[in-house]
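A.B. asks: Mind looking over this structure? Questions follow.
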Amino acid sequence: MDVLIVGGGPAGRALAAACSGRGLVTALVDPHPERPWRATYAAWTDELPVDAPIAVSAGGARVVATTEHRIARGYAVLDNERLRRLPDDVRVVRGTVVERGPRHVVLRDGHVLRAGLVVNAAGASEGRAAQHAVGVVVPRAHAEPFVGDGEALIMDWRKPPDAGTPDPTFLYAIPVSDDQVLLEETSLARAPGLPLAELRLRLRARLAARGIPLPSDEERVRIPLDGRPEVDAFGAAAGLVHPATGYGVANALRLAPEVARAIADGVPIRRVVWPARAKAVHVFRERGLAALLAMRPEQVPEFFDLFFQLPENQQRNYLGDRADPRGALGAMSALFRAAPWRLRVRLAFSVQPAKGMRTPG
Ligand SMILES: Cc1cc2nc3c(=O)[nH]c(=O)nc-3n(C[C@H](O)[C@H](O)[C@H](O)COP(=O)(O)OP(=O)(O)OC[C@H]3O[C@@H](n4cnc5c(N)ncnc54)[C@H](O)[C@@H]3O)c2cc1C
């Protein structure tokens, strides 16, 4: 076996497919390889590779902070069925890895698997900070008060009618099929993550205010934002989730073919996953997380008002582009200059020189 991928999430599967496409003898190990995913994965359309399997896309997006912003960018929900699909020649092993070396793993049942390279795609390790959310899928008609036809509501920071704590949360609302919409109450970043019970209370209050009952089937989101990335890893395990936004799927899908090429060429994969420029960008993003965590609740919507007033290329630099440190710094500096002084104090966390970072290599 040339490559063994530990973890059958979006990143592990994208890499397995890319490795098989390169002619590498590939296996993937996961405790429940047949279990469908319950997560709804979405991304800005222009950050996805052209062949990404899209289920539904919205032509434009909207953010409500203290004012409303329209964003002329497509936003897509991925098709999990197609995202999970693997080429026939990828060997799928059911098992839980309990010990991992660069060329072997030990499964919980005692089996040992060997390969030229073992890649850890087993998801992010826990850190201090996390993004938490509770979401429900409702008929489109029920979502009408929150989100318009053909659009994605990326964030609505208006307060829900009921809340047990002062923590800032926002409503995320995206179409997931022709007639259904996902409504999700989200705590962008908090250390520790905001309890799901609080998010559920707020979502229920938003819906109840419109006479809509809360469906019982919910999507629970827990995304570690500052876990320790690993070497010889991919996806969230490698630190590919944006520390200040929680997005990571587009990165994994875009990078999978490059990582597969590196593996085929015998190049260490961290050179592709963490080139110097991406490390530098990551530092600014970690600073962005620190700034978010330091803000007072009422400052968070204020911050996003400023952010979504930035020119679109600066928004993209900060949100999506991993390889443009100058662009990321430019976006952070522009935010700093535009911010009132009280917010500047918090943003100072994001532009001051970083003391260290946790990217591997
Ligand atoms: C509910 C939810 C919704 C999200 N939505 C978005 C979104 O819309 N857009 C976005 O960009 N990001 C989103 N994220 C964040 C991030 O992109 C996802 O967490 C993404 O799934 C990371 O992919 P991954 O393959 O690296 O890890 P994971 O999806 O966590 O997959 C890891 C896999 O490894 C397996 N595994 C774990 N331990 C072992 C072991 N010891 N042995 C073998 N296998 C193991 C797990 O069973 C799992 O199948 C979301 C996260 C969550 C939790």
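The values are calculated or read from the model by the stated rules, or taken from the named source; none is laboratory data. Note that the structure is a prediction, hence the values are computed from the model and not measured. Quick reminder, even Gly has a Cβ in these numbers, built from the backbone with ideal geometry, and neighbours come from all protein chains shown.
A.B. asks: Only one of ALA264, ALA252 is of a type in the set (A, V, I, L, M), surrounded by fewer than 19 Cβ atoms within 10 Å (Cβ to Cβ) and closer than 26 Å to ALA16 by Cα. Can you tell me which?
C.D. replies: Sole residue among the options that is of a type in the set (A, V, I, L, M), surrounded by fewer than 19 Cβ atoms within 10 Å (Cβ to Cβ) and closer than 26 Å to ALA16 by Cα: ALA264.
A.B. asks: Related question: Looking at ALA14, ALA27, ALA65, which one is at pLDDT 95 or above, farther than 21 Å from ALA262 by Cβ and among the aliphatic types (A, V, I, L, M)?
C.D. replies: Testing whether each residue is at pLDDT 95 or above, farther than 21 Å from ALA262 by Cβ and among the aliphatic types (A, V, I, L, M) leaves just ALA65.
A.B. asks: Go through the stretch 12-51 and report how many residues are in a loop (DSSP other than H, G, I, E, B) and among the aliphatic types (A, V, I, L, M).
C.D. replies: Residues meeting the conditions: 5.
A.B. asks: In this structure, is ARG285 of a type in the set (D, E, K, R) and at pLDDT 95 or above?
C.D. replies: No, not satisfied.
A.B. asks: Restricting to the stretch 192-220, give me the number of residues that are in a loop (DSSP other than H, G, I, E, B) and either surrounded by fewer than 18 Cβ atoms within 10 Å (Cβ to Cβ) or of a type outside the set (Val, Ile, Thr) (or both).
C.D. replies: Result for the stretch 192-220: 13.
A.B. asks: Out of all the residues in the stretch 176-191, is one or more in contact with a Ser or Thr (Cβ under 6 Å, 6 or more places away or on another chain), in a strand (DSSP E or B) and hydrophobic (A, V, I, L, M, F, W, C)?
C.D. replies: The answer is yes, given that some residue of the stretch 176-191 is in contact with a Ser or Thr (Cβ under 6 Å, 6 or more places away or on another chain), in a strand (DSSP E or B) and hydrophobic (A, V, I, L, M, F, W, C).
A.B. asks: Where residues in the stretch 160-175 are surrounded by 18 or more Cβ atoms within 10 Å (Cβ to Cβ) and of a type outside the set (S, T, N, Q), which of them is farthest from GLY246 (Cα to Cα)?
C.D. replies: PRO160
Conditions (1) of a type in the set (A, V, I, L, M); (2) more than 12 Å from the ligand (Cβ to nearest atom); (3) farther than 19 Å from ASP178 by Cα; (4) without any contact (Cβ under 8 Å) to a residue 40 or more places away in the chain, marked per residue:
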{"residue": "GLY7", "(1), (2), (3), (4)": "no, no, yes, no"}
{"residue": "THR66", "(1), (2), (3), (4)": "no, yes, yes, no"}
{"residue": "ARG91", "(1), (2), (3), (4)": "no, yes, yes, no"}
{"residue": "ARG108", "(1), (2), (3), (4)": "no, no, yes, yes"}
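A.B. asks: Kindly provide the set of residues from the stretch 113-144 that are part of a strand (DSSP E or B) and either away from the ligand (no atom under 14 Å from the Cβ) or among the aromatic types (Phe, Trp, Tyr) (or both), ordered by number.
C.D. replies: ARG114, LEU117, VAL138, PRO139 - these are the residues of the stretch 113-144 that are part of a strand (DSSP E or B) and either away from the ligand (no atom under 14 Å from the Cβ) or among the aromatic types (Phe, Trp, Tyr) (or both).
A.B. asks: I need the full set of residues from the stretch 82-112 which are surrounded by fewer than 16 Cβ atoms within 10 Å (Cβ to Cβ), assigned to a loop (DSSP other than H, G, I, E, B) and more than 22 Å from the chain's Cα centre (by Cα), in order please.
C.D. replies: PRO87, ASP88, ASP89, THR96, GLY101, PRO102, ARG103, ARG108, ASP109, GLY110, HIS111
A.B. asks: Would you be able to tell me the number of residues in the stretch 243-296 that are more than 16 Å from PRO10 (Cα to Cα) and either assigned to a loop (DSSP other than H, G, I, E, B) or in contact with a strand residue (DSSP E or B) (Cβ under 7 Å, 6 or more places away or on another chain) (or both)?
C.D. replies: 15
A.B. asks: Which residue, of ARG277, ARG271, ARG228, is in contact (Cβ under 8 Å) with a residue 40 or more places away in the chain, within 16 Å of the ligand (Cβ to nearest atom) and not hydrophobic (A, V, I, L, M, F, W, C)?
C.D. replies: The conditions single out ARG228.
A.B. asks: Next up: Can you give me the number of residues within the stretch 46-64 that are within 14 Å of the ligand (Cβ to nearest atom) and more than 22 Å from GLU219 (Cα to Cα)?
C.D. replies: 5
A.B. asks: Here's a follow-up. Considering only residues that are more than 25 Å from PHE308 (Cα to Cα) and either within 7 Å of the ligand (Cβ to nearest atom) or in a loop (DSSP other than H, G, I, E, B) (or both), which ones fall in the stretch 233-242?
C.D. replies: Scanning the stretch 233-242 gives PHE234, GLY235, ALA236, ALA237, GLY239.
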